[in-house]
Amino acid sequence: MSYYGGNFWRARWSSWQDARAGRRAQANGRWGFLRAPGERGPLLWLQTYADAEELQLALELARAITDKRRDLRVALTFEEEPEDLAQMANGIPRLGLGFGPCDHPTALRRSLERLRPLRAMTVGGTVRPGWQQQLERAGVSALAVASEPQAPRAAPAGSAPWEAIYPRSLGQWQRWQTQGLRATVLQAPVDFASLITIAQVEPNFRSLALGSRSEALFWVTGLDPRDLPAWISAWQAWPHHDEALLFLESRVGLDTLPALSRWDRSPLTPGSVVWVDSPRWRPALAAAATAIHAEALSPALTWQLFAGGRPCSMAPRVELELPTTVDLAPVLVRPSGHAEVLSYWWDMWRDAHGARERGDALRRLFWQVRREAGARLPELLQRVFDW
């Protein structure tokens, strides 16, 4: 990823490389050469970082905001552009999209001079120190949604420039408490990512993949590509593998693995291992899998797994941060190693009632969090309306 921190020379070097490669929009955006969308009306500067899921959340917030306040323009900046950005942003009025500035004062001051925002909002990521400082100096108030705070300052500067902060989890709420904020600024935890989770999925994937057979299918997500060979070996050594299907999701696959996006929709051969090469398959897999194991998680992936209502397990190192206090230990196991995961899968395969109880508990939590987020969103939108 190109450099977006506050070091002048590193940012200049990244911009020079981008310009040489023809990525002029990124090179210019990094130094604050931004253009406000439209011609009239107050503007919200909506900043995201390099995470595609957080960018999607920012886009859906922009959609809701522009629907609530019809005179407001939104300039949404990011640091990496997903291939389907145009499709993700389709139908959002008064929206401008582009690469954002690095965290150097020159780039940030230029951005603020060119955009002249009424307010700023950051979604996801960690708040950049330069961004916060320049907003304070310019007198621009800001909102933070699902963003991590900076490390605590030696002498906290109170609540400037924050108007309101919406942490996505109890842990994030506790970390914001170290910033010396006014009580009215820090809101109760809420995860708006649950609102954009695909919660109702037709069960076509399972019947297509298995055909008329009654075998099981399993899904491992969040894999490091280097771990794929070990998972394949463990699967092939499992006595029950030739009665089931295995789907492995990672950023990069293996030449020996067929990619799910190239599947012709005919039933798969029992014992097959398939590479999940795109996040777009997650809703279907979450609803169809006999059991799921996660080696890594994002907030969006967490809610997609829970919405599927299937039994899940997670690696011991995975930190699960939720906006509510709930003990998931009875239903969310943490096996250590391939053998324990496969043993858990076999238990869930044989015990349909127990598997359903575990999956239902996770699905109830998802709907609880989603209802809370749905009840809290109007307050955020009314705040924007009142500016």
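The values are calculated or read from the model by the stated rules, or taken from the named source; none is laboratory data. Please read these numbers as outputs of a predicted model, since none were measured by experiment. Every residue, glycine as well, gets a Cβ built from its backbone with ideal geometry; the counts of neighbours run over all protein chains shown. The accessibility values were calculated without ligands, DNA or RNA, using every heavy atom of the protein model including side chains. Shrake-Rupley method; radii C 1.70, N 1.55, O 1.52, S 1.80 Å.
Would you confirm, using the coordinates I've provided, whether R282 is open to solvent by 20 Å² or more (accessible area, probe 1.4 Å), modelled with pLDDT of 95 or more, outside any loop (DSSP other than H, G, I, E, B) and closer than 28 Å to V369 by Cβ?
On the way: open to solvent by 20 Å² or more (accessible area, probe 1.4 Å): yes; modelled with pLDDT of 95 or more: yes; outside any loop (DSSP other than H, G, I, E, B): yes; closer than 28 Å to V369 by Cβ: yes.
Criteria met by R282.
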Cβ-Cβ under 7 Å pairs, at least 6 apart or on other chains, region 219-230 side in the same structural domain as A287 (by the TED database), far side part of a helix (DSSP H, G or I) and aliphatic (A, V, I, L, M): W219/L285; T221/L301
Only listed residue being basic (K, R) and closer than 18 Å to E81 by Cβ, chosen from R35, R12: R35
Residue check, A294 out of contact with any helix residue (DSSP H, G or I) (no Cβ under 9 Å at 6 or more places or on another chain), open to solvent by less than 50 Å² (accessible area, probe 1.4 Å) and not β-branched (V, I, T): no
Criterion: over 25 Å from A164 (Cβ atoms), among the aliphatic types (A, V, I, L, M) and either assigned by the TED database to the domain that holds R137 or at pLDDT 95 or above (or both) - qualifying residue of A58, A107: A107
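Could you tell me which of the residues Q26, Q47 is open to solvent by less than 30 Å² (accessible area, probe 1.4 Å) and closer than 24 Å to A373 by Cα? Spell out the reasoning first.
Numbers: Q26 fails: closer than 24 Å to A373 by Cα.
Of the residues listed, the single one that is open to solvent by less than 30 Å² (accessible area, probe 1.4 Å) and closer than 24 Å to A373 by Cα is Q47.
In the set L34, L44, L59, which member is closer than 25 Å to W387 by Cα, assigned to a helix (DSSP H, G or I) and of a type outside the set (D, E)? Before you say what the answer is, go through the steps one by one.
Working: L34 fails: assigned to a helix (DSSP H, G or I); L44 fails: assigned to a helix (DSSP H, G or I).
Matching residue, one of L34, L44, L59: L59.
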Per-region count, region 178-206, residues open to solvent by 50 Å² or more (accessible area, probe 1.4 Å) and among the acidic types (D, E): 1
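What is the residue count in region 341-379 for residues that are acidic (D, E), more than 16 Å from V190 (Cα to Cα) and touching a residue at least 12 places away in the same chain (Cβ under 8 Å)? Working first, answer last.
As a first pass, look at region 341-379 and keep what is acidic (D, E): 347, 351, 357, 360, 372, 379.
Going one step further and asking which of them are more than 16 Å from V190 (Cα to Cα), we end up with 347, 351, 357, 360.
Then drop every residue that is not touching a residue at least 12 places away in the same chain (Cβ under 8 Å), which leaves 357, 360.
Residues meeting the conditions: 2.
In this structure, is R20 out of contact with any Leu (no Cβ under 7 Å at 6 or more places or on another chain), surrounded by fewer than 14 Cβ atoms within 10 Å (Cβ to Cβ) and among the basic types (K, R)?
Numbers: out of contact with any Leu (no Cβ under 7 Å at 6 or more places or on another chain): yes; surrounded by fewer than 14 Cβ atoms within 10 Å (Cβ to Cβ): yes; among the basic types (K, R): yes.
So R20 fits the description; yes.
Conditions (1) outside any helix (DSSP H, G or I); (2) open to solvent by less than 50 Å² (accessible area, probe 1.4 Å); (3) of a type in the set (K, R), marked per residue:
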residue: T325; (1), (2), (3): yes, no, no
residue: A329; (1), (2), (3): yes, no, no
residue: E340; (1), (2), (3): no, no, no
residue: M348; (1), (2), (3): no, yes, no
residue: R371; (1), (2), (3): no, no, yes
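Would you confirm whether any residue within region 142-165 is assigned to a helix (DSSP H, G or I) and free of Cβ contacts under 8 Å to residues at least 60 places away in the same chain?
To start, the set of residues in region 142-165 that are assigned to a helix (DSSP H, G or I) comprises none.
Looking for residues that are assigned to a helix (DSSP H, G or I) and free of Cβ contacts under 8 Å to residues at least 60 places away in the same chain, one finds none in region 142-165, hence no.
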Residues within region 4-31 that are in a loop (DSSP other than H, G, I, E, B) and free of Cβ contacts under 8 Å to residues at least 60 places away in the same chain, tallied: 3
Selection within region 353-387 - under 14 Å from L322 (Cβ atoms) and small (G, A, S): A361, A373
Residues (of a type outside the set (A, V, I, L, M), surrounded by fewer than 17 Cβ atoms within 10 Å (Cβ to Cβ) and under 15 Å from A216 (Cβ atoms)) located in region 350-369: R350, D351, G354, R356
